[in-house]
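The values are calculated or read from the model by the stated rules, or taken from the named source; none is laboratory data. Just so we're clear, the structure is a prediction, and the values are computed from it rather than from any experiment. In this analysis, Cβ positions are derived from the backbone assuming ideal geometry, glycine residues included, and neighbour counts consider all displayed protein chains. The accessibility values were calculated without ligands, DNA or RNA, using every heavy atom of the protein model including side chains. Shrake-Rupley method; radii C 1.70, N 1.55, O 1.52, S 1.80 Å.
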Amino acid sequence: GSTTSIMISESAVLARIHKEEEHHLEAILTSENFQQDLFFMERILMENIFQPKLAAYRQFPVLTDPSVMSDTSGAVATVEEAKQEEHDKENKDKIEQKEAFIGPSILSDQKKTIEGTVPPRMEQLWSYTCDITHHHSVSSIAWNKVNPDLLAVGYGAFDFKEQKKGMACCWSLKNPMWPERIFRCKHGVTALDFSLSSPYLLAVGMYNGSVAIYDVRSSNDAPLLESSASSNKHTGPVWQLRWVEQDKSATGDSRKERLICISADCRVTEWLIQKRLDCTDLMKIKRTASEKKKLPGEKGRKREVPISRKTAGTCFDFHPKDPNFYLAGTEEGHIHKCSCSCSEQFLKTYRGHKGPVYKVTWNPFSTDIFISCSADWSIILWHQGSETPILTFSSTTAFVHDIMWSPKSAFIFAAANENRVEMWDLSVSIFNPVVSCFASPGVEFTSLLFAKNTNCLLVGDSKGDVSVFAVQNLAAHSSNKV
């Protein structure tokens, strides 16, 4: 009997020791210091894995491990040679195929490019993607205004018939495999932007019309401020949202900025950030009748009044030099030039698109020029002094979801249509993009963003990836006037 009691007490002691060990282990695993160490270790591993890609992104020389090189250099050289031969053969085949249906003059240019100078190309470096972002669509991408390695990405549903919850994630260049912050939202995220005067504030617009402001310093995913209490809140999706500087010449703390939204409820609003969020209307977007010329002998015939006097706002952009003026794109295909000091009427209306305008953006160098893209498959280049289009670009029969001017040249812009992303260089061609990159089958490109200080383009898609492309061999132009 005594041996069994000894065994029982021994097992009790062992169980207690085991429990204490487990408790101790749990304390270590949940301790803040350990979490911090794990965080740094993860970043070090990422730096190892992505080193050549990150070096290419930052335009540093790509370092290779000499021991690896010496063993495998022979094999690598052979493989590279084979690849090059295959590549040359492919190019030759492509040219022969194109000869069947392309004019000879364009062809000789292409041959020159292939034989002589190196043609522009886009190389995918990596994608910001993880389990939680799959099956969400990327609706918007924005850089932090102070930290060039911090990126905010908004996720919603690409097909708005099947709305679901959304997310706003902050990704760091130091870890492309998991976001630093995950803010889960009750509705799909349609727009977001970082503040300039308070770079830790992230404003988020949603499909149900709500606006929320998050503090990215906190890992708590509750918003700092939210628009649900506002009596004037939006009743339709917030399609674009932007912090706009009031005075471009101000520096430091005197920098004042306004948070502006455009919504499908036909309003452009300015949000006041005090103890709670509230907004005032800058413009109610009215539907405009097209200018019909009167026939001879016709007196001032009354225009037919449309049933709905308003039209949904889809996008906007403030003038780069004068923050009193902005362009507003609409669902009916018109672009209006508006003034902040006049909420009753448009200064000008630019008519050219036959479908909803998805994006409008001023040229950062030639500030009288802007481009717009639309569901009508086209991109239009405008001069603000003329209400008729200067140039229309249409390379595919697909919606053009997003466009953006290059921050380095007045001639270069990128466009994302359904199945491909294109780079256009107007000093080279006004008929065709200089380089295109195709999406995987079943995936649509939805949004894009140029990197600020490197030759890279970020492209968001309908399956939740933000791909980083290095854009090579694009000519840099000394003149920045179109």
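Quick one: in region 252-297, of everything that is at pLDDT below 90 and of a type in the set (A, V, I, L, M), which residue is nearest to residue 354 (Cα to Cα)?
Residues of region 252-297 at pLDDT below 90: 252-257, 272-297.
Checking the rest, the ones that are also of a type in the set (A, V, I, L, M) come to 272-273, 277, 282-283, 285, 289, 295.
Values: 272: 35, 273: 37, 277: 36, 282: 26, 283: 23, 285: 18, 289: 14, 295: 25 Å.
Of everything passing the filter in region 252-297, 289 is nearest to residue 354 (Cα to Cα).
Evaluate region 188-195: report whether one residue or more is surrounded by fewer than 21 Cβ atoms within 10 Å (Cβ to Cβ) and of a type outside the set (Gly, Ala, Ser). Spell out the reasoning first.
Of region 188-195, the ones surrounded by fewer than 21 Cβ atoms within 10 Å (Cβ to Cβ) are 195.
Narrowing further to those that are of a type outside the set (Gly, Ala, Ser): none.
Looking for residues that are surrounded by fewer than 21 Cβ atoms within 10 Å (Cβ to Cβ) and of a type outside the set (Gly, Ala, Ser), one finds none in region 188-195, hence no.
If you go through region 362-375 one residue at a time, do you hit one that is closer than 25 Å to residue 280 by Cβ and in the same structural domain as residue 281 (by the TED database)?
Looking only at region 362-375, we keep the residues that are closer than 25 Å to residue 280 by Cβ, and these are 362.
Next cut, in the same structural domain as residue 281 (by the TED database) only: 362.
Yes, region 362-375 has at least one match.
What do you reckon, is residue 337 out of contact with any Asp or Glu (no Cβ under 7 Å at 6 or more places or on another chain), open to solvent by less than 40 Å² (accessible area, probe 1.4 Å), at pLDDT 90 or above and among the basic types (Lys, Arg)? Write out each step before concluding.
Working: out of contact with any Asp or Glu (no Cβ under 7 Å at 6 or more places or on another chain): yes; open to solvent by less than 40 Å² (accessible area, probe 1.4 Å): yes; at pLDDT 90 or above: yes; among the basic types (Lys, Arg): yes.
It is true that residue 337 is out of contact with any Asp or Glu (no Cβ under 7 Å at 6 or more places or on another chain), open to solvent by less than 40 Å² (accessible area, probe 1.4 Å), at pLDDT 90 or above and among the basic types (Lys, Arg).
So, in region 362-394, exactly how many residues are open to solvent by less than 20 Å² (accessible area, probe 1.4 Å) and either outside any loop (DSSP other than H, G, I, E, B) or within 11 Å of residue 335 (Cα to Cα) (or both)?
Number satisfying all stated conditions: 12.
Let me confirm something: among 475, 416, which residue is of a type in the set (Gly, Ala, Ser) and open to solvent by 10 Å² or more (accessible area, probe 1.4 Å)? Please lay out each step first, then the result.
Details: 416 fails: open to solvent by 10 Å² or more (accessible area, probe 1.4 Å).
Step by step, each of 475, 416 is checked, and only 475 is of a type in the set (Gly, Ala, Ser) and open to solvent by 10 Å² or more (accessible area, probe 1.4 Å).
Is it the case that region 429-442 has a residue that's β-branched (Val, Ile, Thr), open to solvent by 20 Å² or more (accessible area, probe 1.4 Å) and either modelled with pLDDT under 95 or outside any loop (DSSP other than H, G, I, E, B) (or both)? It would help to see each step written out before you state the result.
First, pick out the residues of region 429-442 that are β-branched (Val, Ile, Thr): 430, 434-435.
This time we only want the ones that are open to solvent by 20 Å² or more (accessible area, probe 1.4 Å), so: 430, 434.
Among the residues that remain, those that are also either modelled with pLDDT under 95 or outside any loop (DSSP other than H, G, I, E, B) (or both) are: 430, 434.
There is at least one residue in region 429-442 that is β-branched (Val, Ile, Thr), open to solvent by 20 Å² or more (accessible area, probe 1.4 Å) and either modelled with pLDDT under 95 or outside any loop (DSSP other than H, G, I, E, B) (or both).
Hey, residue 353 hits all of (1) within 17 Å of residue 389 (Cβ to Cβ); (2) at pLDDT below 85; (3) not basic (Lys, Arg) but one; which does it fall short on?
(2)
With respect to the numbered conditions (1) in contact with a Ser or Thr (Cβ under 9 Å, 6 or more places away or on another chain); (2) within 25 Å of residue 457 (Cα to Cα); (3) open to solvent by 50 Å² or more (accessible area, probe 1.4 Å), which one is the sole condition not fulfilled by residue 397?
Every condition holds for residue 397 apart from (1).
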